[in-house]
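Just so it is clear, none of the values below were taken in a lab; they were calculated from the coordinates. Fair warning: this is a prediction, and the values are worked out from it, not measured in the lab. When we count neighbours, we look across all protein chains shown, and the Cβ atoms used for this are built from the backbone with ideal geometry, even at glycine.
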Amino acid sequence: MGGQQTGQGAGTGCRGLGRGAVDRGSRSGGRVEIKVELKDVELARLIVRRVGARRIGLLHQVDTYFNVPDCRLKKREAMMNGHPEPVEVIRYERADRPAARASSFTIYNEQEAGYRFGTLGLPIRTIVEKTRELWMIDSLRIHLDDVRHLGRFLEIEALVTPRQNVARCHARIAHLRRHLEPALGEPIATSYCDLLESDGRRPVEPTQP
């Protein structure tokens with residue numbers, strides 16, 4: 001997993017891929033999310049159990065980030081409880097801020113990603129490898145992440161739906177975060193990719209366009 005792919009892409013950026021564009025090989029949406037340093041993983045597990053979350057499983061994920069303009073683009077290869085998951089290519093837009101923030105995304109399967117981006121022969125920015133313990137309470141996702149070279153973090157994600165607007169997502173995340181506060185450190189404004197780069201680590205040197 002995580003190997004560099006070669007070949008000519010159909011495009012070198014995200015321009016022209018509208019936020020709402022959905023076809024048979026992709027799905028789009030919006031969510032609110034927050035990322036925080038995780039100081040005590042055992043305490044975090046205890047708290048999420050106490051508030052009624054259920055453990056879904058353990059993921060091993062390798063995210064390959066590409067250098068493209070206009071948005072963020074990554075290929076995700078994952079194993080869930082030791083079984084391979086379908087490869088996904090994820091395009092998303094999100095502001096960098098330490099508070100909970102909204103983002104928009106489109107997730108492509110391999111076939112649709114090939115149509116949109118050729119064989120993903122795009123310049124690689126970096127690769128993020130992590131183990132993710134996935135918990136859920138209703139539609140709220142809780143990630144207990146152990147990221148190679150970076151350490152432990154907690155993420156909370158709430159999907160925006162007709163029954164759960166952005167304001168409701170923010171409120172639910174804030175409520176859960178208050179419960180988890182004893183297990184948490186500082187809020188994180190950026191992605192794992194950005195953190196690796198700011199730490200001077202690049203598991204894979206970017207390729208030339």
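Relative contact order for region 22-83: 23 percent, from Cα pairs under 8 Å spaced at least 6 residues apart, divided by residue count.
Each residue of region 136-151 is assigned a 3J(HN,Hα), and the resulting list reads 9, 10, 6, 9, 7, 9, 10, 10, 9, 9, 10, 9, 4, 6, 10, x Hz, derived from the Karplus form 6.51 cos²θ - 1.76 cosθ + 1.60 (θ = phi - 60°), x at Gly and Pro. Note on PHE117, PHE153, PHE105: ascending count of other Cβ atoms within 10 Å places them as PHE105, PHE153, PHE117, the fewest first.
Rounded to whole numbers, the Karplus 3J(HN,Hα) couplings from phi for region 75-83 are 9, 10, 10, 9, 10, 10, 6, x, 10 Hz, using 6.51 cos²θ - 1.76 cosθ + 1.60 with θ = phi - 60°, and x at Gly and Pro. When you filter the trypsin sites (Lys or Arg not before Pro) in region 146-184 for DSSP loop state and at most 13 other Cβ atoms inside 10 Å of their Cβ, you are left with ARG163.
Around the amide H of LYS39, modelled in the peptide plane, lie the amide H atoms of LEU184, GLY185, all under 5 Å away and 5 or more residues distant in sequence or on another chain.
Other residues with beta-carbon under 12 Å from the beta-carbon of ILE156 carry, at +1 per Lys or Arg and -1 per Asp or Glu, a net charge of +3. Of the residues THR126, THR161, the one with the fewest other Cβ atoms within 10 Å heads the list, and the complete ranking is THR161, THR126.
For ILE127, ILE107, the sequence from fewest to most other C-beta atoms within 10 Å is ILE107, ILE127. Under a cut-off of 12 Å between alpha-carbon atoms, report the aspartates and glutamates in cross-link reach of LYS130, not counting same-chain residues fewer than 8 places apart. Partners within reach: ASP63, GLU77, ASP145, ASP146.
On a per residue basis, the convex hull of the C-alpha atoms belonging to region 26-198 measures out at 119 Å³.
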